[in-house]
Each structure stands twice: as structure tokens, then as C-alpha cells.
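Written out below as C-alpha cells is the structure these notes cover.
The values are calculated or read from the model by the stated rules, or taken from the named source; none is laboratory data. The model shown is predicted, which means the values in this text are computed figures rather than measured ones. Virtual Cβ from ideal backbone geometry, glycine too; neighbours counted across all protein chains shown. Calculation scope for accessible area: heavy atoms of the full protein, side chains included, ligands and nucleic acids excluded. Shrake-Rupley method; radii C 1.70, N 1.55, O 1.52, S 1.80 Å.
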Amino acid sequence: TAPAVQTTAPAVQTFEWTQQWYPMAVTAFLDEKRPHHLELLGKDLVAWKSKGGWRVFDDACPHRLAPLSEGRVEDDGNLLCAYHGWRFDENAACVDLPQAKEQRTIPGCATSYPVLEEDGLLWVWPEKDATITRGPALRDEIDDPRAIKQPWNVRNLPYGYDMFMENVMDPAHVPVSHHN
């Protein structure tokens with residue numbers, strides 16, 4: 001008898017933008033002594049290195065929405081808001097409110113996102129309190145000792161997809177812009 005022929009189309013998976021790991025920064029380029037502004041899917045985020053590793057929060061102090069990326073990382077690894085001095089620990093708790101006489105700690109005060117440091121990159125999952133079912137899409141070649149290693153090269157340019165595609169299609173710029 002002839003083999004069965006599939007008559008139904010395979011199920012199409014919907015791509016969920018908030019259900020992915022995103023590489024946000026080369027960790028070797030990040031100054032561990034200060035916070036860094038990041039933007040992911042239209043969200044302003046702040047990355048900073050606590051005593052326990054890299055953390056990513058919303059880049060807005062829950063008190064008055066001042067950018068936490070304008071603050072500083074304290075010697076104890078906590079993130080300090082530059083506006084009123086609120087301090088946040090790596091678990092998103094506000095651990096010091098200088099103006100408060102009574103309550104000086106608020107657990108879960110800041111909005112925190114899952115992070116990983118893999119292959120020299122800071123990866124962020126853009127959904128808080130997410131059930132994460134997989135790791136980031138890593139390349140085996142990065143860990144292959146036979147692979148040619150290139151130094152990281154990052155350049156942030158403020159333009160959109162249309163300008164990027166025009167750039168890719170214009171080889172005349174390569175010798176000048178990309179140094180041969």
C-alpha cells in the first residue's frame with residue numbers, strides 16, 4: 001500500500017516577542033561601577049552589577065519615575081536613585097528610604113527582569129515573573145577552540161530598518177565606514 005499523505009498543514013507557531021532571550025550588551029564593555037541604560041521592545045531598562053551579578057530593572061524609580069540609569073552603584077552593590085536617594089538591592093527591594101522615619105524597606109519595590117550572562121553577553125527576558133522554558137539561542141561556534149575569534153565590535157546608530165537595509169545594499173560605503 002502507498003504511504004499515507006498528510007492532508008493538513010502543520011501547525012504554525014506564533015512568535016511571541018516577550019517570550020525570548022535578547023542579547024543586550026557585551027559585558028566586557030559595561031562599566032561594573034555604574035548603571036547602564038538599555039532599551040528593549042520600547043521599554044527603558046537599567047542594567048547594573050550587584051554583588052550577585054548583573055541585574056536589569058525598569059529604568060524608572062518607583063518613587064518619582066526618575067531614571068535609575070542616572071544613579072550610581074554603591075560600594076555594597078545596591079543601586080541608588082540620584083533623585084531622592086532610594087536604594088535598591090539585587091532582589092528589587094527598596095532597602096533604604098532616606099526620608100522615611102519608620103518603614104525603610106519595601107520588598108519587590110522595583111520591577112526586575114530575568115537576566116543571564118552567557119558567551120560574554122548580557123541576555124534579558126523582557127517579561128517579569130515569567131515562566132522561562134529555554135535558554136538563549138547560543139552559537140556553538142563561540143565555544144569551539146578551532147573557530148576564528150573576532151573581537152567584539154559594537155556601534156549604536158540611531159536609524160530604523162529602512163535605513164539599515166539601504167546601508168546593507170550599498171557596498172560603496174564598506175571601505176570607508178568599515179575600514180576595508
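Do we have Arg64 as modelled with pLDDT of 95 or more, more than 12 Å from the chain's Cα centre (by Cα) and not aliphatic (A, V, I, L, M) here? So Arg64 fails the test. Selection of region 105-125 for residues being over 19 Å from Leu68 (Cβ atoms) and over 11 Å from the mean Cα position of the chain (by Cα) yields Glu118, Asp119, Gly120.
When you check Phe15 against the structure, is it more than 16 Å from the chain's Cα centre (by Cα), buried (at least 18 other Cβ atoms within 10 Å of the Cβ) and free of Cβ contacts under 8 Å to residues at least 40 places away in the same chain, yes or no? So Phe15 fails the test.
Among the residues of this structure, His84 counts as one that is over 24 Å from Leu157 (Cα atoms) and open to solvent by 50 Å² or more (accessible area, probe 1.4 Å). Just checking, does region 115-131 include any residue being basic (Lys, Arg), within 21 Å of Gln20 (Cβ to Cβ), touching a strand residue (DSSP E or B) at 6+ places or on another chain (Cβ under 8 Å) and outside any strand (DSSP E or B)? Looking for residues that are basic (Lys, Arg), within 21 Å of Gln20 (Cβ to Cβ), touching a strand residue (DSSP E or B) at 6+ places or on another chain (Cβ under 8 Å) and outside any strand (DSSP E or B), one finds at least one in region 115-131, hence yes. One residue alone among Ala60, Ala47, Ala28 is touching a residue at least 12 places away in the same chain (Cβ under 8 Å), among the aliphatic types (A, V, I, L, M) and open to solvent by 70 Å² or more (accessible area, probe 1.4 Å), and that residue is Ala28. For region 63-81, a residue qualifies if it is at positive phi and open to solvent by 60 Å² or more (accessible area, probe 1.4 Å), and exactly one does: Leu65. Taking region 94-110 as the range and being open to solvent by 40 Å² or more (accessible area, probe 1.4 Å) and assigned to a loop (DSSP other than H, G, I, E, B) as the test, the residues that pass are Pro98, Gln99, Lys101, Glu102, Gln103, Arg104, Thr105, Pro107, Gly108.
Selection of first residues in region 120-137 that are among the acidic types (Asp, Glu) and of second residues that are open to solvent by 90 Å² or more (accessible area, probe 1.4 Å) and in a strand (DSSP E or B), restricted to Cβ pairs under 6 Å at least 6 apart or on distinct chains, gives an empty result.
For region 20-49, a residue qualifies if it is of a type in the set (Val, Ile, Thr) and over 17 Å from Glu118 (Cβ atoms), and exactly one does: Val46.
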